[in-house]
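Let me begin by presenting the structure, written as structure tokens, before commenting on it.
The values are calculated or read from the model by the stated rules, or taken from the named source; none is laboratory data. Because the structure is predicted, anything quoted here is derived from the model rather than measured. Here Cβ is always computed from backbone atoms with ideal geometry, including for glycine, and neighbour counts include all displayed protein chains. Quick note on the areas: whole protein, heavy atoms, side chains included, nothing else; ligands and nucleic acids left out. Shrake-Rupley method; radii C 1.70, N 1.55, O 1.52, S 1.80 Å.
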Amino acid sequence: MNTPTIKQNHEEARHVPGLERNPFQGIRRKLLLALAVATLTPFLFVLLVGHAAFTNAVRTGTMETMRRIVEDHGRMIETYLQERRSDLENVLDFDTAQQLSDPALLALRLQWLQRNCKAFVDLGYIGPDGRQVAYAGLHHLQGKDYSEASWYQATLAKGFHISDVFLGYRNEPHFVVAVARQRADGIVVLRATMDPHEFTGLVERIRMGATGEAWVLDAQGRYQTEPRSGAALLTEADLPSEAARPGRGIQVVEAHGVDGTAYLYCTSWINDNKWLLVARQEEGDAFTGLQEAASWIAAILLLGGLIITVLAYTISGRLELALTRVFHEKEGLRDDLYRAARLAEIGEMTTGIAHEINNPLQVMKSDLSYMEMVMQDMLEKGSLQEGEDYAEVHTSMEQLRLQISRCAKITQSILQFGRQGESITQDLELRTFLPEVVSMVEEKAAVNGIVLSYDLPSHPVFVRADPGQLQQVILNLLNNALHAVEEQHPEGGGKVIVQCSLGEKGQVDIAVRDNGCGITPDNMERIFAPFFTTKPVGKGTGLGLSVCHGIVGRMGGEMNVQSTPCQGTSFTISLPRPRSEGGQK
């Protein structure tokens, strides 16, 4: 079967009954160019964005992996140093001062320590006067006076000390682990010399690709261990300025070394922030996946461009013919579009009407609840007697509640048809959630000269809550706090802080504190009552705190308030934690 050519199709289209002169004839070149641009542009955009996203993911993942390795290794080094300290403490706890004064017994203890750790070089027992009473090792250090040594003074002050690498009496690099004990005749010190070369082996266990290495520096930037790339102990490290003085915590930076090679540096303070653990890896080794990705992207670009060009050429011919066929159908399609637009407008109007009806329904429901509460109070006080009239009123109120619920269900059905469904309760991480909520009112606080801040724990904290409803509660509390602060400090100086902590009963407490005008004792009793407000007429409805209190209760939590007039107010929300974390404290 022969496929009709575009020219034959055009001839065919010209003889369609009622078809006017084709205004789209000869549009194929323009369509071809437009299709090529329209398809190649997003294709290139997707490739570039995908490459950028992949690059970012690889770089972020590599940095996070490096950060995790350094964190784990730093923790292992800390444990190693703690174990050496515990070894010496065990010796001090096991032996008396008289026993440790015996060099022969001290030599036995050194052998025991060396069986546990080969890094122990020698062992010395120092009396209350700072002189070494007994010594076990290869050097002649019996009777040496350490009373003026910095490591000795630090040991006396803190009870233990791990020194930097230094030369000392033996004139060779070593570092000291020392512990002190209070004896009857004064403070004695047990001092062990550690081999930095053995310690270097521990640090060099970090493995990151083919070029990864690690070393330890003191606070002055001198090598405490020997890097694999080669450098002597106690020489000053040539770190780039970006990595030379990192802040606290684990830092990952990209910088060029003194040899001009691009490196990833990861640093972490250890040993009570006296030593800096440095890990380094060449960027080319760290980001090997990016080169392979670039090759794949180039191949996809070539093949995709060829396919798109062929398709554009074919589709442009078909479109030219199709445009001629639909030329006289546009009026009918226009009518269809008008009808569809009217239906869309009706749908929007229906959703809006349902929303507007739902608001007064909620007010009516709240009023009905308030009426029931008032009638209950009247019954309890004896000002209203139960009887036939009361039963009829109660029956009418129940009927009103039933009809309001029916109307609410109808409006909710309409709203759900016109928009996405309601959110559900889920686990929320507050260290991410709270700053996002606080950011919504930061500009409002800044305009009024109010300092808005938050205090969050260092570890992840989860709660079980509806994110939309919890956001509504916190925003309402923040707005109330800003209003109270603005009233108390119109010239500035106001403060609002959002704090998060674990409660005594295992729940999570979220507190919104301010130094505003506070709440009087008379108003404190009614603060969560519906329609009660201390704001001027037109400024508040009195439903905010009442609604928030109900939302928190439905989420299984509690809301409490503490306030001092003219000093400030603190609202605390206590929410349950996820069941998977229920046993954690």
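Mind checking which pairs have a first residue in the stretch 128-146 that is without any contact (Cβ under 8 Å) to a residue 24 or more places away in the chain and a second that is open to solvent by 40 Å² or more (accessible area, probe 1.4 Å) and among the β-branched types (Val, Ile, Thr), Cβ under 9 Å, 6 or more apart or different chains?
Taking only residues 6 or more apart or on different chains, the pairs are Leu138/Val121; Gly143/Val133.
Can you list residue pairs whose Cβ atoms sit under 9 Å apart, with the first residue in the stretch 164-176 being of a type in the set (Val, Ile, Thr) and the second being open to solvent by 70 Å² or more (accessible area, probe 1.4 Å)? Count only pairs 6 or more apart in sequence or on different chains.
Between residues of the stretch 164-176 that are of a type in the set (Val, Ile, Thr) and residues that are open to solvent by 70 Å² or more (accessible area, probe 1.4 Å), the close pairs are Val165/Arg222.
Mind listing whichever residues of the stretch 171-194 are open to solvent by 10 Å² or more (accessible area, probe 1.4 Å), within 24 Å of Phe94 (Cβ to Cβ) and charged (D, E, K, R)?
Within the stretch 171-194, the subset open to solvent by 10 Å² or more (accessible area, probe 1.4 Å) is 171-173, 180-187.
From what's left, within 24 Å of Phe94 (Cβ to Cβ): 180-187.
Once the filter is applied, which keeps residues that are open to solvent by 10 Å² or more (accessible area, probe 1.4 Å), within 24 Å of Phe94 (Cβ to Cβ) and charged (D, E, K, R), the stretch 171-194 yields Arg181, Arg183, Asp185.
Considering only the stretch 29-37, I want to know if a residue exists there that is open to solvent by 70 Å² or more (accessible area, probe 1.4 Å), at pLDDT 75 or above, more than 30 Å from Gly317 (Cβ to Cβ) and in a helix (DSSP H, G or I).
Taking the stretch 29-37 and keeping what is open to solvent by 70 Å² or more (accessible area, probe 1.4 Å), we get 29-30, 33, 37.
Checking the rest, the ones that are also at pLDDT 75 or above come to 29-30, 33, 37.
This time we only want the ones that are more than 30 Å from Gly317 (Cβ to Cβ), so: none.
No, the conditions are met nowhere in the stretch 29-37.
Residues that are open to solvent by 20 Å² or more (accessible area, probe 1.4 Å) and under 26 Å from Gly50 (Cα atoms): list the strands (runs of 3 or more DSSP E) wholly contained in the stretch 240-313 that include at least 3 such residues. Break it down into steps so the answer makes sense when it comes.
On the way: elements: 251-256, 262-270, 275-282.
So the answer is 251-256.
When you look at Ile510, is it open to solvent by less than 40 Å² (accessible area, probe 1.4 Å) and β-branched (Val, Ile, Thr), yes or no? Please lay out each step first, then the result.
Numbers: open to solvent by less than 40 Å² (accessible area, probe 1.4 Å): yes; β-branched (Val, Ile, Thr): yes.
Yes.
At pLDDT 90 or above and of a type in the set (A, V, I, L, M), is that true of Ile497? So that I can check it myself, show each step before the final result.
Numbers: at pLDDT 90 or above: yes; of a type in the set (A, V, I, L, M): yes.
So Ile497 fits the description; yes.
Looking only at residues that are out of contact with any Lys or Arg (no Cβ under 9 Å at 6 or more places or on another chain) and open to solvent by 60 Å² or more (accessible area, probe 1.4 Å) in the stretch 440-457, which one is modelled with the highest pLDDT?
Of the stretch 440-457, the ones out of contact with any Lys or Arg (no Cβ under 9 Å at 6 or more places or on another chain) are 440-449, 454-455.
Narrowing the set further to residues that are open to solvent by 60 Å² or more (accessible area, probe 1.4 Å) leaves 440, 442-444, 446-447, 454-455.
On the way: Met440: 78, Glu442: 84, Glu443: 80, Lys444: 84, Ala446: 85, Val447: 84, Tyr454: 86, Asp455: 89.
My answer is Asp455.
Scan the stretch 46-75 for residues that are in contact (Cβ under 8 Å) with a residue 60 or more places away in the chain, open to solvent by 60 Å² or more (accessible area, probe 1.4 Å) and within 23 Å of Asn271 (Cα to Cα) and jot them down.
Listed by number, the residues that qualify are Arg67, Glu71.
Would you pick out the residues in the stretch 109-140 that are open to solvent by 10 Å² or more (accessible area, probe 1.4 Å) and either among the aromatic types (Phe, Trp, Tyr) or in contact with a Cys (Cβ under 9 Å, 6 or more places away or on another chain) (or both)?
First pass over the stretch 109-140, keeping only residues open to solvent by 10 Å² or more (accessible area, probe 1.4 Å): 109-112, 114-118, 121, 128-129, 131, 133, 135, 137-140.
Correct list: Trp112, Tyr135.
Could you please give the count of residues in the stretch 373-406 that are open to solvent by 70 Å² or more (accessible area, probe 1.4 Å), charged (D, E, K, R) and within 30 Å of Asn358 (Cα to Cα)?
The number of residues fulfilling the criteria is 3.
Of Leu434, Leu502, Leu470, which residue is within 20 Å of Val561 (Cα to Cα) and surrounded by fewer than 18 Cβ atoms within 10 Å (Cβ to Cβ)?
None of the others qualify; the one that does is Leu502.
Taking the conditions exactly as written (open to solvent by 80 Å² or more (accessible area, probe 1.4 Å), modelled with pLDDT of 70 or more, closer than 30 Å to Leu113 by Cα and of a type outside the set (Val, Ile, Thr)), does Asp87 satisfy them or not? Full working, then the answer.
Numbers: open to solvent by 80 Å² or more (accessible area, probe 1.4 Å): no; modelled with pLDDT of 70 or more: yes; closer than 30 Å to Leu113 by Cα: yes; of a type outside the set (Val, Ile, Thr): yes.
No; evaluated as a whole, the condition is false for this residue.
Could you list, in sequence order, all residues of the stretch 141-159 that are open to solvent by less than 40 Å² (accessible area, probe 1.4 Å), within 48 Å of the chain's Cα centre (by Cα) and within 29 Å of Thr235 (Cβ to Cβ)? Walk me through how you get there before you give the answer.
First, the residues of the stretch 141-159 that are open to solvent by less than 40 Å² (accessible area, probe 1.4 Å): 141, 143, 146-147, 149, 151-152, 154-155, 159.
Pick out the ones that are also within 48 Å of the chain's Cα centre (by Cα) and you get 149, 151-152, 154-155, 159.
Matches in the stretch 141-159: Ala149, Trp151, Tyr152, Ala154, Thr155.
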